[in-house]
Amino acid sequence: MLIMGSTSFSPSLSLSPSLSPHSSKFPNPNPNLFLRSHSSFTPLTLRSNQTRYRFKKLPSSNAPNFLVAASGKAEPLKVIISGAPASGKGTQCELITQKYGLVHIAAGDLLRAEVAAASENGKLAKEYMEKGELVPNEIVVMMVKERLLQPDSQQRGWLLDGYPRSSSQAAALEDYGIRPDVFILLDVSEDILVERVVGRRLDPLTGKIYHLKYSPPENDEIASRLTQRFDDTEEKVKLRLRTHHQNVDAVLSVYKDITVKVNGNEAKEHVFAQIDAALTHVGEQRKVNSGSLAA
């Protein structure tokens, strides 16, 4: 498994501050210059230290493999991202799509859009939703599959947000031949997640989300009308976290060889630096491998 963050083990590529894209040795920073692939490599450890990194290759005989297409041109990136409630996943999805131009696909948003559009899958899903029942996996998987196979997703690449949530959903995607290049897991400690959730407040007038500690309201007038979601309590968030961890553990059994575990306890800029380094590395490896196959 690829691990990013404070926890590390026997990496083939590691990051340290001495050779950084922000260093004076690199007046025109380009992380692509020192992200190089190797035919065999071990998990990837990214240590964040003010987003300054160095890569070095260490030997290993137990190397996970990223699958690449045998073509002269590297295919666009295919990414799945997973994170617990309040892990900052939404923010990271925005940053990833801004830089890489991937099509952002969230299963919940997709389901609502299909129902609103009265598509065939949407009509089937609506029948269950109107009865207060969960939409069956096969319907959601079909929606996701069809969205991932649309031209924009195929041409630009895709970022699948928070899905699959079970090993059966992941296996269904595999059966359709849909497999990501990398599975990004935002790893945030439970204490921090609870603090982030319990401190959240909503301004019902503007819809803006505040946090009592990290993003307080601008004035007393706004503060006086803020509300808290009924399930943003410590007890309920811990129940949601247990469910999330169970789901993630099941999905990891399918994607363990392409998982990148990111330290999400840090500031959003440092979290994205870890993700960016990993995606750049995967992209560079695909280019090198596809070029070698085409030669």
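The table below lists the values:
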item	result
Residue check for VAL260: of a type in the set (Val, Ile, Thr), within 28 Å of THR97 (Cα to Cα) and at pLDDT 90 or above	yes
Flag if GLN285 is surrounded by fewer than 18 Cβ atoms within 10 Å (Cβ to Cβ) and either over 29 Å from SER167 (Cβ atoms) or at pLDDT below 95 (or both)	no
Some residue of segment 124-131 being part of a helix (DSSP H, G or I), open to solvent by less than 20 Å² (accessible area, probe 1.4 Å) and modelled with pLDDT under 95	yes
Residue among GLY122, GLY162, GLY132 that alone is in contact with a strand residue (DSSP E or B) (Cβ under 7 Å, 6 or more places away or on another chain) and small (Gly, Ala, Ser)	GLY162
Number of positions in segment 90-101 that are within 17 Å of TYR163 (Cα to Cα) and at pLDDT 95 or above	5
Residue in segment 141-154 that is farthest from the chain's Cα centre (by Cα), counting only those that are hydrophobic (A, V, I, L, M, F, W, C) and open to solvent by 20 Å² or more (accessible area, probe 1.4 Å)	MET142
Residues (open to solvent by 60 Å² or more (accessible area, probe 1.4 Å) and touching a residue at least 60 places away in the same chain (Cβ under 8 Å)) located in segment 220-246	ARG240, HIS245
Subset of segment 155-182 (residues that are surrounded by 13 or more Cβ atoms within 10 Å (Cβ to Cβ), small (Gly, Ala, Ser) and outside any helix (DSSP H, G or I))	GLY157, GLY162, SER166
Qualifying position, being of a type outside the set (Gly, Ala, Ser) and more than 25 Å from LYS238 (Cβ to Cβ), among ASP191, ASP152	ASP152
Any hit, segment 212-219, residues being on the phi < 0 side of the Ramachandran plot, open to solvent by 50 Å² or more (accessible area, probe 1.4 Å) and of a type in the set (A, V, I, L, M)	yes
Single unsatisfied condition, LYS268 versus (1) under 22 Å from GLU195 (Cβ atoms); (2) surrounded by 14 or more Cβ atoms within 10 Å (Cβ to Cβ)	(2)
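The values are calculated or read from the model by the stated rules, or taken from the named source; none is laboratory data. Computed from a prediction, not measured in an experiment: that's the story for all the values here. Ideal geometry is used to build each Cβ from the backbone, glycine not excepted, and the neighbour counts take in all protein chains shown. When the accessible area is computed, the model is the full protein with side chains, heavy atoms only, and any ligands, DNA or RNA have been set aside. Shrake-Rupley method; radii C 1.70, N 1.55, O 1.52, S 1.80 Å.
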